[in-house]
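Visitor: Right, I'll just put the structure down here and ask away after.
Since every read-out is calculated from the coordinates, none of them should be taken as a lab result. A quick note: this is a predicted structure, and the numbers were derived from the prediction, not measured. Methodologically, a virtual Cβ is constructed for each residue, glycine included, from the backbone with ideal geometry; neighbour enumeration extends over all protein chains shown.
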Amino acid sequence: MVAVEAARMSDKGVAVLRILLIAAIWWKICSMPDSKIDPTQCDIPTNSAELIEQVASVDLEDTQEMPIVPSPSDKPAKPEILIFVSKTCPPCEKWKRCEMQRFLDAGWSVGIIEVHRYPITPRFEINANGKQIDHVGYLTFEQAKELAK
């Protein structure tokens, strides 16, 4: 019985030593410096005189003038309307059927938001001419245009 216990303890000790040996070998491999990295893999000259020569060789008069391209923010932003709806909202469904296409035809961006924190719907958020307007209740296209002025 004692011999069996000694053999088990011996097996456990061997297993622990194996794990420690594997961990030490792994640590040694991972902590070695990577000597395979080529220090010249970049195209940056290491000699400062060579770098100065390259910079001095650029002729600024040969460069072509780049055309000025207008930024998207230079264009007037098109008006945007967001409608916050709920599943059981007949006015919301009517607005989508009757009014939404009028906004789209007039060039407005339209967003329908179904997940929100508002208990009363329909609720609208209009972003036009740099201002934001909130409206609760049904909203026609004509009313929205007036609010956006």
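Visitor: Would you mind calculating the gained length between Lys12 and Lys145 on full extension (0.36 nm times residue separation, minus the Cα-Cα distance), in nm to one decimal?
Guide: Stretched fully, the Lys12-Lys145 segment lengthens by 39.7 nm.
Visitor: Amide H to amide H under 5 Å from Ile112: which residues, 5+ apart in sequence or cross-chain, H placed 1.01 Å off N in plane?
Guide: Ile83
Visitor: For Asp105, Asp134, which order do you get if you count the other beta carbons within 10 Å of each Cβ and list the fewest first? Intermediate results must be reported in sequence, preceding the final value.
Guide: Numbers: Asp105 9, Asp134 12.
Fewest-to-most ranking of Asp105, Asp134: Asp105, Asp134.
Visitor: Continuing with the same structure: Antiparallel as a % of all DSSP beta bridges within segment 76-148, to the nearest 5? Could the numbers behind the result be given before it?
Guide: Working: 11 of 16 bridges.
Given both bridge residues lie in segment 76-148, the antiparallel proportion sits at roughly 70 percent.
Visitor: Considering the options Gly130, Thr140, Tyr118, tell which one lies farthest towards the positive end of the dipole of segment 76-148, charges being +1 on Lys and Arg and -1 on Asp and Glu at the Cβ, about the Cα centre.
Guide: Tyr118
Visitor: If each residue's Cβ is checked for other Cβ atoms within 10 Å, how do Leu20, Leu82 rank with the fewest at the top?
Guide: Working: Leu20 10, Leu82 17.
So the residues, fewest neighbours to most, are Leu20, Leu82.
Visitor: Can you tell me which lysines have their Cα less than 27 Å from the Cα of Lys78? Leave out same-chain residues fewer than eight positions away.
Guide: Lys94, Lys96, Lys131, Lys145, Lys149
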